[in-house]
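Peer 1: Input: one structure, supplied below.
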């Protein structure tokens, strides 16, 4: 699904460079913030179930920790690259800053396809990644979390290995843990719900009632599923969902013009966000090509899969009916596609603002784990709503006051906050 002609790290740097010029950032600060402070490349030997040993390549990148410990997920993906992880770590820095939580940006990845690994092989891989990096991470240094094709079970294996190595209990080392083992209530829903909290505020500003809107989504993993549920709860209608089909090694878009039933769709989706094609057809869904999500006649488009999904090659396929682009994925729109979105007057809710609900709730989990005191779900979601609404309002106000594109306004706020931390520490 990812367009390989685009380098995500080059895109992240291009976005940074444009805003650094807008705010007049000095050369030393630019040099420090446009690349990672440190990164680790590791090899992870794993004993497979058949007795052979396979060596996997893994990464951990810390982009910047001036505002606090690095924070960011680890993803398992067969097309993972160092540049993807670098870009994601940089975006995490801005994401934490734009919602004003005291964390920096980090990211991890392993080149693998967990679909093709048994549970025991996945466990050995998780433990092996931690063994290679245990001295470089910790609750006050760098805190991992789930990402693409990883989940709470993976996080708990990683936590257990980290605690075994260090000889103690460190529940704040990792977030996205199972609730029974120190996870936060509301964390599962946080990223998806957070996107809709931001969308709700945008609809208010645009004078649009949620019940009069329709949505097409790319992806049907955790973020997309909870966003879709919250969106329908507000009264909106999800008409199309695109997802990967692992059996056929391609993607499909499932459509129902009168609205998809989220409970039904979730019930025929596996843990990796893949919808069962036969059951979807039996449930009355039309089956369209995987890239058809982008051309639906809807009010809101939500890319919630991987990077580089909206490019100059397909941006003009976006329907004239689309009013809002809600970026649930990290880096789904390439910089050279932004120009068309601006010209079309599509209201953008940029990724590192829109999907910051996950890291915000991860921060809440860290606070709870480190204090050994846990909040009720309602309190978590209420705090999340407050944070996301406040962040959106700050970006929207700056965009209007300075006549900035919403992505640029979010960057201005985030980069200024990180640059201030760097200066106050005396790094530049």
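Peer 1: Checking residue 24 against (1) in contact (Cβ under 8 Å) with a residue 12 or more places away in the chain; (2) over 26 Å from residue 115 (Cβ atoms); (3) out of contact with any strand residue (DSSP E or B) (no Cβ under 7 Å at 6 or more places or on another chain): exactly one of these is not met. Which one?
Peer 2: (1)
Let's see how each residue does on (1) farther than 20 Å from residue 349 by Cβ; (2) out of contact with any helix residue (DSSP H, G or I) (no Cβ under 6 Å at 6 or more places or on another chain):
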| position | (1), (2) |
| --- | --- |
| 360 | no, no |
| 366 | yes, no |
| 388 | no, no |
| 393 | no, yes |
| 397 | no, yes |
| 400 | no, yes |
| 403 | no, yes |
| 409 | no, no |
| 417 | no, no |
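Peer 1: Consider region 333-354. How many of its residues are more than 14 Å from residue 406 (Cβ to Cβ) and within 10 Å of the chain's Cα centre (by Cα)?
Peer 2: The number of residues fulfilling the criteria is 0.
Peer 1: To continue, here is another question. Can you tell me which of 249, 256, 342 is farther than 19 Å from residue 224 by Cβ and modelled with pLDDT of 90 or more?
Peer 2: After applying the criteria, what remains is 342.
Peer 1: It is to be established whether one or more residues within region 369-391 are modelled with pLDDT of 95 or more and in contact with a strand residue (DSSP E or B) (Cβ under 8 Å, 6 or more places away or on another chain).
Peer 2: No, region 369-391 has no match at all.
Peer 1: Please verify whether region 402-415 includes one or more residues that are surrounded by fewer than 14 Cβ atoms within 10 Å (Cβ to Cβ) and either in contact (Cβ under 8 Å) with a residue 24 or more places away in the chain or out of contact with any strand residue (DSSP E or B) (no Cβ under 7 Å at 6 or more places or on another chain) (or both).
Peer 2: Checked region 402-415: at least one residue is surrounded by fewer than 14 Cβ atoms within 10 Å (Cβ to Cβ) and either in contact (Cβ under 8 Å) with a residue 24 or more places away in the chain or out of contact with any strand residue (DSSP E or B) (no Cβ under 7 Å at 6 or more places or on another chain) (or both).
Peer 1: Could you pull out every one of the strands (runs of 3 or more DSSP E) wholly within region 278-370 that has 2 or more residues that are in the same structural domain as residue 206 (by TED's automatic domain parsing) and more than 30 Å from residue 70 (Cβ to Cβ)?
Peer 2: 286-289, 300-303
The values are calculated or read from the model by the stated rules, or taken from the named source; none is laboratory data. No experiment lies behind these values; they were computed from the predicted model shown. In this analysis, Cβ positions are derived from the backbone assuming ideal geometry, glycine residues included, and neighbour counts consider all displayed protein chains.
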